[in-house]
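Asker: Attaching a single structure in structure tokens format; questions to follow.
What follows is calculated from the coordinates using simple rules that are stated; it is not laboratory data. As the structure is a prediction and not an experimental result, all values here were calculated from the model. Here the Cβ positions follow ideal geometry from the backbone for every residue, glycine too, while neighbour counts run over all protein chains shown.
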Amino acid sequence: MKIKIMHLYPDLLNLYGDRGNIECLRRRLLWRGIDAEVVSYTCDDKGFDISDVDIIFLGGGSDREQKIVCSRLLEHKAELSAFVENGGSLVAVCGGYQLLGKYYKLEDETIEGLDILNIYTEQGKKRLIGNIVLEADFITQKIVGFENHGGRTYIGSHKPLGRVVCGYGNAEDAGAEGVIYKNVVATYLHGPLLPKNPQLCDYILKNAIKHKYPEFTDLEPIDDLLENTANDYIVKRFVK
Amino acid sequence: MRKLIAIWAGKLLTFVGKLIGRKSSSSPGAFALKIYPALVSDLNSIVKKKIIVTCGTNGKTTTNNLMCSALEAKGYKVLCNRLGANMLSGVATAYLQAADMSGRVQADYACLEIDEAYTPIVFKQIKPDVIIITNLFRDQLDRYGEIDITVDIIKKAIEEAGDVRLVLNADDPLCVQFGRASGVRAVYYGISEKVLPQVDDTKEGRFCPICGSELEFEFYHYSQLGKFRCPACGYRRPEPDYDITNVYVGTPMRFDINGSPMKINYKGFYNIYNLAGVYAALNVIGETVNDFGKLLEGYKPQIGRMQEFMFNKPVILSLSKNPAGFNQAIATVNTDERKKDVIIAINDLANDGRDVSWLWDVDFHKIKNERLNTLTTTGIRVYDISLRFKYAGIDVDMMTDSMKAAVKSALATDSKVVYVLVNYTALYPTEGVLNELQKEEGA
């Protein structure tokens, strides 16, 4: 078995240790004897081809870098949308999450999004910054991370990634964080997200493998003592 | 009278702090400011010659203290926030320490390092004559939001400062932009040759701050520092007024500034920038620099700047606060050919930045080579740093919540040197542990 992971625009969107997420996906496949290939698609690359890609990762960047990425990505809107609708796995963090929506309204301009999710984002007054803990209904482990975003994302009827146990989430009073849609996991959590959330990482991997190999049943357990301890530490420290 | 009470109260607090063994680098000042808020702005009239401010992400404390040492070596009285407390309260504390019991301060110069985020507040009270900006790297993201925000803050602060001379790092595309504003008078210092291997570490500033295009580099030193040029709008590295060439990185380090040779005993390539900034600033304020090397003899590095503690083998303590700093510390560790044990401590208190995602932007995997004996992780975020290594495929030999245990264990191996790399709030406790262990050994 082999899974191909594409990091989209790591030259622009790589703000909060995103490469940790890529390493986590890759290593957790390799540790199970599953081949993993990681490719990058940068600003300088031509010939956007995601036909054999299993997991796309879209990270975070500053507002300026996000604008550049968005204009590039809009050229590939149709392919990305078809990828998601056909069950491809997409992980989007921070800026990447906002780009999946209809638009991101800043003070003086509006950035058009990919319109893959029926959500939109508006710039708020202060940045929402801090450690955050979520409870998701598809895994037993709480999801922990760090959020730092000026945007407030309104997800309409979409299913959130999780309920906020502590922290802000999509907006100050949203009570919910991120979006989970088909095999898309979109979230404001960086930290980076995946190394401290092994269950979430495995959920993403399992979906991607199943999509490519329908006969696949489940991932083998691996030693997650350190990951779980790190996760547990954050939960114990911040959830009162 | 209010001012005098403020000074006395602050001095008393410093004294009490010393009695109970606490380093009071900012709290006495904060207290004094409550009593007499105008304390800091009095500096404008007290300082006889000039106020020199240093800001920038890395190298502030070293540059500021070098500047102070150089001026003191020339026989001047200098007011300086030496300990690196760099907000308004830290400046006030420096004032208190310089004042006598009648409240008088003798100061020819003031050398002040100021935290970038606080420059607009501080410059409302103090009008600097010279501002040195060392560099801008990604730092404590949760506090500043993003680096673009820091840039805007500094631009506003420069406007607020009024008639000021800027001393800028020519190699940093983020710094150079400050010299382009109309009416600004700037000089530049830079390293004009390829020195280090061209590795691809995190370059957060690799986009043109003017037009947003990706910058081209003829060579670079580390992070985004180098000979840059924007292919789209022509923004480029200016020709340095203070030009560094013939660099030899070793012990001692050797290089030329505008053709005159220098020799220094500090570790770390980045110290060349710190020295060049001081050299340039001295020129700007009209002080002679022919005896530059001699001027710096009295300089003692602050704690944690590759500071050596002697045991049965040396233990070298290094403070880093962000990816650029850690990458430089790791590069410096790797230039040491001896077999070594490495201890890394990561905290996430307010002064460290609560967000530890930057750990994933550091090239920690480079610490692993045949000369690394054992690797130990510790600190409040011991699990995060350990995970960082796990996903880099590097085994951590020891995870502990005790720095003392970590150092003892490293001292017991057959290595020749121990490096302890810490971030900010881990620094003083680690220094405490090392002093304590030295005492125990002497006893």
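Asker: Once you order the gyration tensor axes a ≥ b ≥ c over the Cα atoms, which shape class does chain B get: rounded for a/c under 1.5, otherwise prolate or oblate by comparing a/b with b/c?
Answerer: Oblate.
Asker: Suppose each label sits 7 Å from its Cα in the direction of the beta carbon; what would the B:Lys18-B:Lys300 distance come out to in nanometres?
Answerer: 1.4
Asker: List the chymotrypsin sites (Phe, Trp or Tyr not before Pro) within segment B:347-377 that DSSP assigns to loop and that have no more than 16 neighbouring Cβ atoms inside 10 Å.
Answerer: none
Asker: Ranking A:Lys77, B:Lys321 by Cβ neighbours within 10 Å, fewest first, what do you get?
Answerer: A:Lys77, B:Lys321
Asker: Considering only Cα-Cα distances, which of the following residue pairs are longer than 27 Å: A:Lys196/B:Lys408; A:Lys67/A:Lys210; B:Lys155/B:Lys321; B:Lys48/B:Lys294; B:Lys49/B:Lys267?
Answerer: A:Lys196/B:Lys408; A:Lys67/A:Lys210; B:Lys49/B:Lys267
Asker: Looking at the calculated P(r) for segment B:323-390, what percent of the C-alpha pair distances fall above 13 Å?
Answerer: Tail of P(r) above 13 Å: 65 percent of Cα pairs.
Asker: Please give the Cα centre distance for segment A:46-117 versus segment A:175-240, rounded to the nearest Å.
Answerer: When both Cα centres are located, 21 Å separates them.
Asker: Would you mind telling me the antiparallel percentage of the DSSP bridges in chain B, rounded to 5?
Answerer: 30
Asker: Further question on the same structure: Report, in order of residue number, the helices in chain B meeting two criteria: a C-alpha extent of 24 Å or more along the helix axis, and a mean Kyte-Doolittle hydropathy of at least -0.5; treat each whole DSSP H run as one helix.
Answerer: Counting only whole DSSP H runs, the qualifying helices are B:2-19.
Asker: Per DSSP helix of 4 or more residues, -39500 (n - 2.57); summed, then divided by the residues of chain A. What does that give at 222 nm, rounded to the nearest 500?
Answerer: Helix contribution divided over all residues of chain A: -8500 deg cm²/dmol.
Asker: For a quick protection proxy, order the peptides A:216-223, B:54-61, A:166-173 by their average other-Cβ count within 10 Å, most packed first.
Answerer: Sorting A:216-223, B:54-61, A:166-173 by mean packing, highest first, produces B:54-61, A:166-173, A:216-223.
Asker: Using only the Cα atoms of the protein assembly as shown, build the gyration tensor, take square roots of its eigenvalues as a ≥ b ≥ c, and label the shape rounded, prolate or oblate: rounded if a/c is under 1.5, else prolate if a/b is larger than b/c, else oblate.
Answerer: prolate
Asker: Still on this model: Compute all pairwise cysteine Cβ distances in chain B, then list the cysteines with no distance under 4.7 Å to another cysteine.
Answerer: So far as the 4.7 Å Cβ criterion goes, B:Cys55, B:Cys175 stand without a partner in chain B.
Asker: Summarise the partner chain shielding of B:389-398 as one whole number: the mean count of Cβ atoms from other chains within 10 Å of each residue's Cβ.
Answerer: 3
Asker: What nm distance separates the two modelled labels at B:Ser45 and B:Ile121, each placed 7 Å from Cα along Cα→Cβ?
Answerer: 2.5
Asker: Among residues other than B:Ile133 whose Cβ falls under 9 Å from its Cβ, what is the net charge (Lys/Arg +1, Asp/Glu -1)?
Answerer: Once positives and negatives cancel, what remains is -2.
Asker: For B:Lys313, give me every one of the aspartates and glutamates with a C-alpha distance below 12 angstrom, ignoring sequence neighbours fewer than eight places off in its own chain.
Answerer: B:Asp341, B:Asp414
Asker: With the cut-off at 1.5 for a/c, could you classify chain A from its C-alpha gyration tensor as rounded, prolate or oblate?
Answerer: Oblate, since a/c reaches 1.5 and b/c is not below a/b.
Asker: Next question. Per DSSP H run of at least 4 residues, take -39500 (n - 2.57); add these up for chain B, divide by its residues and hand me the 222 nm value, nearest 500 deg cm²/dmol.
Answerer: Computed mean residue ellipticity for chain B: -10500 deg cm²/dmol.
Asker: Here's something else I'd like to know. If you take the beta carbon distance between B:Val249 and A:Ser157 as r and set R0 to 60 Å, what does 1/(1 + (r/R0)^6) give as a FRET efficiency, to the nearest 0.05?
Answerer: Given R0 = 60 Å and the Cβ-Cβ separation, E is 0.50.
Asker: To the nearest 0.05, what FRET efficiency results for B:Lys3 and B:Ser182 with a Förster distance of 45 Å applied to their C-beta separation?
Answerer: Using R0 = 45 Å, I get an efficiency of 0.70.
Asker: Could you tally the net charge around B:Ile244, taking each other residue with its Cβ under 10 Å from the Cβ of B:Ile244, Lys/Arg +1 and Asp/Glu -1?
Answerer: -4
Asker: Further, regarding this structure: Enter the mean number of other protein chain beta carbons within 10 Å of the beta carbon of each residue in B:311-320, as an integer.
Answerer: Neighbouring Cβ atoms belonging to other protein chains average 0 per residue here.
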